[in-house]
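Have a look at the structure below, then the notes.
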Amino acid sequence: MKKISFKTGLLLSVLCSVIVLSCKKSEIVTNPTVTDPNSPASQIAASENLVIPASVDLPTNAPNGNTRVATFYAVGVQKYKAQEIAGSSPVAYQWVFVAPQADLYDATNKKVGNHSAGPTWQLSAADSMYGQAFTPARTAPGVDANSIDWLLLMPKQGKASTGIFADVSYVQRVATKGGKAPTTAPTAATDVVEVGYTAVYRFSKQKQ
């Protein structure tokens with residue numbers, strides 16, 4: 001049997017390394033959640049480890065409790081417009097919230113729907129719901145000064161939820177990043193701004 005020379009062995013070692021690196025690169029391309037902590041799948045998974053403040057946590061609803069219907073990761077903007085501050089002299093303006101506009105992604109990184117004014121969440125013509133705040137509002141501060149509040153919402157009265165959302169009792173907005181109105185006040189009545197944000201939306205129902 002012929003012995004493999006040092007030069008040949010080195011060449012084989014390099015070749016094997018190239019093959020291994022190519023396989024790893026292929027894995028990253030076909031499965032971005034392997035190394036991408038910013039993917040929707042990673043963000044949704046990380047959100048399951050969050051400590052939810054009592055103000056936006058689900059009611060216990062004993063004895064049966066609640067069950068999760070769906071979880072989506074939103075990527076989009078929060079829209080604001082200028083509003084005159086009543087009684088200000090000279091005239092001054094402040095930012096007021098208008099509506100969200102975001103794409104919704106599921107735990108496989110697939111874009112599945114959108115979130116917009118209402119607020120409403122829609123996956124298809126047959127799967128949609130409107131939400132509204134509790135009275136008093138159920139909120140908790142975001143993790144930093146630039147992040148919008150976490151929320152607990154309920155289905156909007158008079159608006160039937162459909163499809164996957166038909167039995168939803170609660171909507172939680174958690175893990176928010178960004179979205180707060182600018183700290184610099186608007187200078188004209190026509191000023192508008194869109195502020196980028198991400199969040200995780202959880203849809204749950206009360207078990208019967």
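Since every read-out is calculated from the coordinates, none of them should be taken as a lab result. Here the structure is a predicted model, which is why all the values come from computation and not from measurement. Cβ placement follows ideal geometry from the backbone for every residue including glycine, while neighbour counts extend to all protein chains displayed.
Numbers for the structure displayed
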item	result
Count of the range 142-183 residues which are among the polar types (S, T, N, Q) and in contact with a helix residue (DSSP H, G or I) (Cβ under 7 Å, 6 or more places away or on another chain)	1
Verdict on T71 being in a strand (DSSP E or B), closer than 18 Å to F203 by Cα and touching a residue at least 24 places away in the same chain (Cβ under 8 Å)	yes
Single match in T198, T183, T135 (criterion: among the β-branched types (V, I, T), assigned to a strand (DSSP E or B) and more than 25 Å from Q43 (Cα to Cα))	T135
Residue in the range 150-170 that is within 22 Å of V77 (Cβ to Cβ), among the hydroxyl-bearing types (S, T, Y) and crowded, with 17+ Cβ neighbours inside 10 Å present	no
